[in-house]
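Below: the structure, in structure tokens.
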Amino acid sequence: MTSPNSSNVPLLKVENLGKSFGGVKAVDGISFELHAGELLALIGPNGAGKSTTFNMVNGQLKADQGSILFDGHELVGQKPRAIWRKGVGRTFQIAETFASLTVAENVQMALLSHDGKLFSMWRRAAEHKREEALALLDQVGMKSQADRPCSVLAYGDVKRVELAIAMANSPKLLLMDEPTAGMAPKERNSLMALTKDLVIQRGLAVLFTEHSMDVVFAYADRMIVLARGRLIAQGKPLEIRDHPKVQEVYFGSGKTFEKKAEAVGEAA
């Protein structure tokens with residue numbers, strides 16, 4: 001479901017994107033669009049080019065060819081921090097937080113960094129931006145644990161804190177790399193339902209990679225499928241389920257694919 005505020009102009013427009021390592025084309029001329037208020041899943045087998053694509057959008061890798069337009073700005077050649085400041089947030093496959101700091105302090109550090117004040121003063125993060133941090137933690141259901149150190153949290157809660165940190169720069173686009181990796185099924189659905197709510201409430205655009213097909217079918221508005229660096233299909237989940245090339249290249253046979261697709265009703 002897209003946001004009522006979504007326009008026909010894509011927030012993210014990727015055109016003819018390519019990246020090679022030596023003589024190997026990791027990403028070979030792919031194009032896709034993402035609108036505000038939409039969750040777009042980027043899937044494919046190992047070696048398909050998902051991580052390379054993700055890291056080009058984020059600025060960790062520079063594209064050899066093509067264009068990445070975000071909100072009218074060209075991202076190719078931009079550094080990750082510059083892209084972050086333009087309104088692109090990111091979470092990682094392995095959650096990244098400061099274990100020795102409290103939950104609130106982790107978010108406060110991100111808020112201070114966004115304001116460019118992280119290194120301009122030596123006072124503790126606990127003295128700054130606390131109310132803003134608590135508001136973000138409230139959105140992800142972690143306000144009650146604001147003063148606990150991250151080191152004692154359950155992994156699912158750490159992922160929620162990471163989501164709050166990713167929201168500290170008020171992003172228009174959120175990149176989520178394997179957001180449910182290492183989580184139990186109940187935790188997976190809880191985190192993705194929360195993400196879906198943020199998309200609807202804030203009009204966010206989310207691009208996420210994911211291996212758990214139950215998560216993809218339950219929460220993605222659309223899917224793009226890569227194989228050997230090329231985009232082989234894109235569309236709504238049920239369209240992808242029935243796509244013959246996807247069945248052949250990504251899943252091998254329709255049996256596993258359809259079994260996963262049936263999990264939509266159970267996971268939603």
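For GLU210, state whether it is modelled with pLDDT under 90, farther than 28 Å from LEU163 by Cβ and among the charged types (D, E, K, R). Considered against the rule, which asks whether it is modelled with pLDDT under 90, farther than 28 Å from LEU163 by Cβ and among the charged types (D, E, K, R), GLU210 comes out as no.
Taking the stretch 77-98 as the range and being aliphatic (A, V, I, L, M), surrounded by fewer than 21 Cβ atoms within 10 Å (Cβ to Cβ) and in the same structural domain as PHE208 (by TED's automatic domain parsing) as the test, only ALA82 passes. Looking at LEU12, LEU40, which one is in the same structural domain as GLN201 (by TED's automatic domain parsing) and at pLDDT 95 or above? Within the list LEU12, LEU40, the selection yields LEU40.
Residues in the stretch 37-47 that are out of contact with any strand residue (DSSP E or B) (no Cβ under 8 Å at 6 or more places or on another chain) and in contact (Cβ under 8 Å) with a residue 60 or more places away in the chain: GLY47 alone. For PHE217, the stated conditions do not hold, so it cannot be described as of a type in the set (Phe, Trp, Tyr) and either at positive phi or touching a Phe, Trp or Tyr at 6+ places or on another chain (Cβ under 9 Å) (or both).
Scanning the stretch 217-226 turns up at least one residue that is within 19 Å of ALA48 (Cα to Cα), at pLDDT 90 or above, surrounded by fewer than 22 Cβ atoms within 10 Å (Cβ to Cβ) and not assigned by TED's automatic domain parsing to the domain that holds ALA135. Give all pairs with beta carbons closer than 8 Å in which a residue from the stretch 48-67 that is crowded, with 17+ Cβ neighbours inside 10 Å meets a residue that is assigned to a helix (DSSP H, G or I) and of a type in the set (Gly, Ala, Ser); count only pairs at least 6 apart in sequence or on separate chains. That search, which allows pairs on different chains as well, returns GLY59/ALA82. Give all pairs with beta carbons closer than 8 Å in which a residue from the stretch 183-207 that is over 17 Å from VAL161 (Cα atoms) meets a residue that is of a type in the set (Lys, Arg) and at pLDDT below 90; count only pairs at least 6 apart in sequence or on separate chains. Correct list of pairs: empty, since none qualify.
Meeting the requirement of 2 or more residues that are touching a strand residue (DSSP E or B) at 6+ places or on another chain (Cβ under 7 Å) and over 27 Å from ALA95 (Cα atoms), the strands (runs of 3 or more DSSP E) wholly within the stretch 191-255 are 230-235. Taken over the stretch 107-146, the criterion of being surrounded by fewer than 16 Cβ atoms within 10 Å (Cβ to Cβ), modelled with pLDDT of 85 or more and outside any helix (DSSP H, G or I) is satisfied by GLY141 alone.
Scanning the stretch 206-226 for residues that are among the small types (Gly, Ala, Ser) and under 13 Å from the mean Cα position of the chain (by Cα) gives a single hit, ALA220.
The rows are residues; the columns are (1) surrounded by 19 or more Cβ atoms within 10 Å (Cβ to Cβ); (2) out of contact with any Gly (no Cβ under 8 Å at 6 or more places or on another chain); (3) more than 16 Å from LEU111 (Cα to Cα).
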{"site": "ARG148", "(1), (2), (3)": "no, yes, yes"}
{"site": "ASP157", "(1), (2), (3)": "yes, yes, yes"}
{"site": "MET167", "(1), (2), (3)": "yes, no, no"}
{"site": "SER170", "(1), (2), (3)": "no, no, no"}
{"site": "LEU175", "(1), (2), (3)": "yes, no, yes"}
{"site": "PRO179", "(1), (2), (3)": "yes, yes, yes"}
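Tallying residues that are under 18 Å from ASN46 (Cβ atoms) and loosely packed, with under 15 Cβ neighbours inside 10 Å within the stretch 227-247 yields 1.
The values are calculated or read from the model by the stated rules, or taken from the named source; none is laboratory data. None of the values given here were measured: they were computed from a predicted structure. Cβ atoms come from the backbone with ideal geometry, glycine included; neighbour counts cover every protein chain shown.
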